[in-house]
1. If A:P214 meets every condition in (1) touching a Cys at 6+ places or on another chain (Cβ under 8 Å); (2) of a type outside the set (D, E); (3) under 23 Å from A:Q50 (Cα atoms) apart from one, which number is that one?
2. Within the bounds of region A:145-166, is there any residue that is without any contact (Cβ under 8 Å) to a residue 12 or more places away in the chain, away from chain B (no Cβ under 14 Å) and under 26 Å from A:L52 (Cβ atoms)?
3. Given B:E144, B:E149, which one is of a type in the set (D, E), within 23 Å of B:K2 (Cβ to Cβ) and crowded, with 21+ Cβ neighbours inside 10 Å?
4. Considering only region B:26-65, how many residues are among the hydrophobic types (A, V, I, L, M, F, W, C), over 15 Å from B:N98 (Cα atoms) and more than 8 Å from every other protein chain (Cβ to nearest Cβ)?
5. If you go through region A:112-126 one residue at a time, do you hit one that is polar (S, T, N, Q), touching a residue at least 40 places away in the same chain (Cβ under 8 Å) and within 11 Å of chain B (Cβ to nearest Cβ)?
6. Is there any pair with a first residue in region A:204-221 that is surrounded by 16 or more Cβ atoms within 10 Å (Cβ to Cβ) and a second that is among the charged types (D, E, K, R) and not in a loop (DSSP other than H, G, I, E, B) whose Cβ atoms are under 7 Å apart and which are 6 or more apart or on different chains, and what are they?
7. Could you tell me how many of the residues in region B:17-35 are among the acidic types (D, E) and free of Cβ contacts under 8 Å to residues at least 24 places away in the same chain?
8. Of the residues in region B:145-175, how many are farther than 30 Å from A:Q91 by Cβ and more than 18 Å from the chain's Cα centre (by Cα)?
There are 2 protein chains.
Amino acid sequence: MKVLAIVSGGLDSITLAYLLARDNQLGGIISFDYGQRHKKEIAFAALAAQRLGTSHAIIDLTSITAHLKGSALTDSIAVPDGHYAEESMKQTIVPNRNAMMLAIAYGIAPAQNLDAVAIGIHTGDHFIYPDCRPDFAASFEAMEQKALEGVASIKLLTPFITGTKADIARQAHTLNVPIADTWSCYKGGAVHCGRCGTCVERREAFALSHTQDPTLYEDQNFWLEECRKKGATL
Amino acid sequence: MKVLAIVSGGLDSITLAYLLARDNQLGGIISFDYGQRHKKEIAFAALAAQRLGTSHAIIDLTSITAHLKGSALTDSIAVPDGHYAEESMKQTIVPNRNAMMLAIAYGIAPAQNLDAVAIGIHTGDHFIYPDCRPDFAASFEAMEQKALEGVASIKLLTPFITGTKADIARQAHTLNVPIADTWSCYKGGAVHCGRCGTCVERREAFALSHTQDPTLYEDQNFWLEECRKKGATL
């Protein structure tokens with residue numbers, strides 16, 4: 001089986017690519033420029049493709065950006081600080097983003113004779129993002145069976161969907177993923193900010209998995225202070 | 001209810017826009033440039049938007065074109081002549097095209113506070129294109145309920161899905177659609193070729209609906225000759 005992996009350039013999706021490569025299933029990498037302010041992540045996807053010796057398609061969706069109002073990822077709205085599991089993080093929803101990316105990947109996979117599309121969604125995404133949940137994934141795969149009936153049969157692989165980001169961090173170490181060459185921060189600055197939802201989640205994942213985090217955060221202590229405020233024991 | 005209509009610039013989708021406008025439901029028009037050789041159709045969508053006084057989003061998907069090999073619509077493969085209901089017409093399939101277009105429309109609709117997305121698929125499309133069939137449409141709408149859960153609730157309108165193209169031709173006349181300002185031909189030449197699947201289907205639809213066809217076809221007699229070959233009584 002050969003698989004087209006949707007890779008943003010973040011920890012989850014690059015670990016996904018390394019997992020597929022280990023199993024000799026990586027058939028290509030696809031990334032999307034949808035006008036996200038942290039589009040520097042795509043360079044990390046490109047680096048992963050190069051290291052894994054696979055093709056890298058970068059799909060330009062910036063002509064939709066002006067029509068996708070209302071997300072802190074693509075608009076002038078400030079990226080909120082704090083934990084993913086907070087209401088304020090809903091500002092980072094780009095409605096239907098995963099359905100759009102998956103539909104395009106499913107358009108490309110048959111042309112490249114690939115058997116599956118893979119995406120690195122996990123349980124930590126579920127609270128905020130409806131298009132990261134298991135029932136969305138099942139429903140999307142069922143829809144594609146209809147859309148491609150008689151043309152192709154493409155599976156949807158979501159190997160992390162029942163796991164946590166800490167599980168992914170652990171797996172990244174096992175797979176020797178070059179973790180410092182993955183990009184999570186929504187702000188897209190020179191280094192990871194350490195304060196936005198995805199930085200907090202990244203920091204927490206390495207802590208909870210008791211593995212080393214080589215990431216340089218501008219605010220190294222934000223997550224620790226947030227934990228202390230909540231009375232958590234580390 | 002306000003609706004985002006997917007309009008290629010063809011007879012079906014422009015009639016769809018006029019139908020929604022008559023019912024005061026047209027909330028915007030969206031068209032896609034996916035590298036189709038007949039991209040002149042988009043100018044007819046733009047003209048319809050202008051006449052109907054609604055917004056027109058043109059989404060540039062040309063960065064996917066190089067990855068979508070194998071269709072006569074986007075590749076150097078010749079567009080086949082003949083009737084839609086022939087095996088050769090499968091060369092005109094762009095795998096997953098409708099799922100891609102619908103997913104993007106469903107990404108944009110919530111940002112514009114629209115209630116539904118509409119697409120002009122009809123029974124004549126069903127034989128060749130799996131992503132024009134009723135079970136695809138139902139499955140897509142169900143998938144989007146999951147993808148946008150808690151974010152938005154967007155209906156999928158397919159008013160022509162159980163009708164024929166002849167029904168659409170009849171409705172186009174009833175709605176005073178400027179039929180000469182719609183574009184079907186897959187070859188995208190100066191005038192409609194009269195020989196490709198969509199020209200034959202267009203010509204046939206007006207004949208079967210006993211309505212006037214103002215279209216100028218380069219080969220005006222191809223469809224008639226094809227009918228005679230098959231022994232059809234006109």
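1. Status for A:P214: all satisfied but (1).
2. Within region A:145-166, none of the residues are without any contact (Cβ under 8 Å) to a residue 12 or more places away in the chain, away from chain B (no Cβ under 14 Å) and under 26 Å from A:L52 (Cβ atoms).
3. B:E144
4. 11
5. So far as region A:112-126 goes, yes, one or more of its residues are polar (S, T, N, Q), touching a residue at least 40 places away in the same chain (Cβ under 8 Å) and within 11 Å of chain B (Cβ to nearest Cβ).
6. Correct list of pairs: A:A205/A:K165; A:S209/A:R170; A:T211/A:R170; A:D213/A:R203; A:T215/A:R202; A:Y217/A:R203.
7. 1
8. 1
The values are calculated or read from the model by the stated rules, or taken from the named source; none is laboratory data. These figures come from a predicted structure and were not determined experimentally. Don't worry about glycine lacking a Cβ; one is built from the backbone with ideal geometry, like all the others, and counts go over all protein chains shown.
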